[in-house]
1. So, residue 298, is that one surrounded by 15 or more Cβ atoms within 10 Å (Cβ to Cβ), closer than 27 Å to residue 99 by Cβ and either in contact (Cβ under 8 Å) with a residue 60 or more places away in the chain or out of contact with any strand residue (DSSP E or B) (no Cβ under 7 Å at 6 or more places or on another chain) (or both) or not?
2. Considering the stretch 187-211 alone, what residues qualify as being surrounded by fewer than 17 Cβ atoms within 10 Å (Cβ to Cβ) and farther than 22 Å from residue 158 by Cα?
3. Within the stretch 236-244, is even one residue within 12 Å of the ligand (Cβ to nearest atom), at pLDDT 90 or above, surrounded by fewer than 15 Cβ atoms within 10 Å (Cβ to Cβ) and outside the structural domain of residue 170 (by TED's automatic domain parsing)?
4. Here is a list: 129, 139. Which entry is outside the structural domain of residue 201 (by TED's automatic domain parsing), surrounded by 17 or more Cβ atoms within 10 Å (Cβ to Cβ), in a loop (DSSP other than H, G, I, E, B) and at pLDDT 95 or above?
5. For residue 118, indicate whether it is within 30 Å of residue 216 (Cα to Cα), modelled with pLDDT of 95 or more and in a helix (DSSP H, G or I).
6. Exactly one condition in (1) over 30 Å from residue 295 (Cβ atoms); (2) free of Cβ contacts under 8 Å to residues at least 60 places away in the same chain; (3) within 14 Å of the chain's Cα centre (by Cα) is false for residue 150; which is it?
7. If you check residue 249 against the conditions, is it without any contact (Cβ under 8 Å) to a residue 12 or more places away in the chain, assigned by TED's automatic domain parsing to the domain that holds residue 33 and at negative phi?
Ligand code: SF4
């Protein structure tokens, strides 16, 4: 049997920050983040639980949706599906209906499939997947979400790298970072035994200060942040760094908007194929292409006459 605990990378001499930053400066930065963050962590409902299913649902919802919109949806979803097994045994249509308003419904389909795999594992092994490989084997769970479950549910020592955290490390070190570099930097900064506090504090620091347009004057890292202390006008190293999101294409007029309109209509009742273009606000050719894409994604079912949610 393989070792089931995730072991973060430690002390890689090849990454740029380690060549320029001493252990004492790293320790100073870690202390600054924890001292600032722990007393004032945002009171988010998924921070009050260590239930891995509840954490997984929150992380999947947060992948592409803002916190404020996720909170009521997370509560409603868990009221209906308090366990992975309850979700696994429900029709996909019920999961898609609860997902309405969050966007990117492929996540709901993946979560439903993940729930089935988790329920099987709970039956066979009596435990939720709880190492990196097991979690990443779940549909829709990548390295970020898997580490987030390890940290926020199981309080394992792992470094979570989301958009905000990648931005912080790029600016802190004034380096454009590859995915490997940013993960290794995050691993190296991780204060062992304080993983939950550290990752949550870093996320809140990113949301509060290290935004696309940063608020450096109030940031607890300002005294040691290389980019903040660089000459005015220095290019932002987060631009083009791994994991730092680029601006999304406009929603208005997008395929995503049209697909969303049809999914919303399907939540109430099956739709006539002949009505799809009108409901989507697109021409017949585009509507046909988008219906085919939804069917291909497993998000709806269609025959010659009707389109409906999958059972
Ligand atoms: S000092 Fe500014 S650039 Fe540096 S981490 Fe803080 S907010 Fe980001």
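1. Numbers: surrounded by 15 or more Cβ atoms within 10 Å (Cβ to Cβ): yes; closer than 27 Å to residue 99 by Cβ: yes; either in contact (Cβ under 8 Å) with a residue 60 or more places away in the chain or out of contact with any strand residue (DSSP E or B) (no Cβ under 7 Å at 6 or more places or on another chain) (or both): yes.
Yes, satisfied.
2. Across the stretch 187-211, the qualifying residue is only 211.
3. Looking for residues that are within 12 Å of the ligand (Cβ to nearest atom), at pLDDT 90 or above, surrounded by fewer than 15 Cβ atoms within 10 Å (Cβ to Cβ) and outside the structural domain of residue 170 (by TED's automatic domain parsing), one finds none in the stretch 236-244, hence no.
4. On the way: 139 fails: surrounded by 17 or more Cβ atoms within 10 Å (Cβ to Cβ).
That would be 129, the only listed residue that is outside the structural domain of residue 201 (by TED's automatic domain parsing), surrounded by 17 or more Cβ atoms within 10 Å (Cβ to Cβ), in a loop (DSSP other than H, G, I, E, B) and at pLDDT 95 or above.
5. On the way: within 30 Å of residue 216 (Cα to Cα): no; modelled with pLDDT of 95 or more: yes; in a helix (DSSP H, G or I): yes.
Judged against the criteria, residue 118 is not a match.
6. In the conditions (1) over 30 Å from residue 295 (Cβ atoms); (2) free of Cβ contacts under 8 Å to residues at least 60 places away in the same chain; (3) within 14 Å of the chain's Cα centre (by Cα), residue 150 misses (2) alone.
7. Details: without any contact (Cβ under 8 Å) to a residue 12 or more places away in the chain: yes; assigned by TED's automatic domain parsing to the domain that holds residue 33: no; at negative phi: yes.
No.
Each row is one residue, and each column tells you yes or no for (1) within 11 Å of the ligand (Cβ to nearest atom); (2) buried (at least 22 other Cβ atoms within 10 Å of the Cβ); (3) assigned to a helix (DSSP H, G or I); (4) over 17 Å from the mean Cα position of the chain (by Cα).
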| site | (1), (2), (3), (4) |
| --- | --- |
| 185 | no, yes, yes, yes |
| 213 | yes, no, no, yes |
| 221 | yes, no, no, yes |
| 226 | yes, no, no, yes |
| 233 | no, no, no, yes |
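The values are calculated or read from the model by the stated rules, or taken from the named source; none is laboratory data. This structure is a prediction, so every number in the text was calculated from the model and none was measured. Cβ atoms come from the backbone with ideal geometry, glycine included; neighbour counts cover every protein chain shown.
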